[in-house]
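Every number here is computed from the coordinates shown, using simple stated rules; none is lab data. Here the structure is a predicted model, which is why all the values come from computation and not from measurement. Ideal geometry is used to build each Cβ from the backbone, glycine not excepted, and the neighbour counts take in all protein chains shown.
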Amino acid sequence: MIVVCLKADLETYLDRNRRRESPSDEVAVHIVRREFERPDADVTVDVTARSSGAVVDCIVPVLRVLTEDRRPSEVGSDSGTR
């Protein structure tokens, strides 16, 4: 499993929440932000000033490297391919 953590400042969370089709209560956003424990992530991206496309552009190359590193070798692996 690869863990990706997206982080932003509180104002960014609130602004993006307000623009959602069905925004959450702002009090809930404050509570989640305060109570959230940041995971031990393989990749962390600050999304404050990035579009969703720019975030993907940051993550995909790292995921490619991480998945290559975690892929079992063909020789001697349990995958049955040789």
Review point. Which of the peptides 1-10, 17-26 is most tightly packed, and how do the rest follow, going by the mean number of other Cβ atoms within 10 Å of each residue?
Key: 1-10, 17-26
**Study point:** Compactness index (Cα Rg / 2.2 N^0.38 Å), the chain
**Key:** 1.52
Study note, to complete from the structure: Once Val62 and Asp46 are pulled to full extension, the length gained, defined as 0.36 nm per residue separation minus their Cα-Cα distance, is 4.3 nm
Review point. Helix-derived [θ] at 222 nm for the chain: sum -39500 (n - 2.57) over DSSP H runs of at least 4, divide by residue count, nearest 500?
Key: -15000 deg cm²/dmol
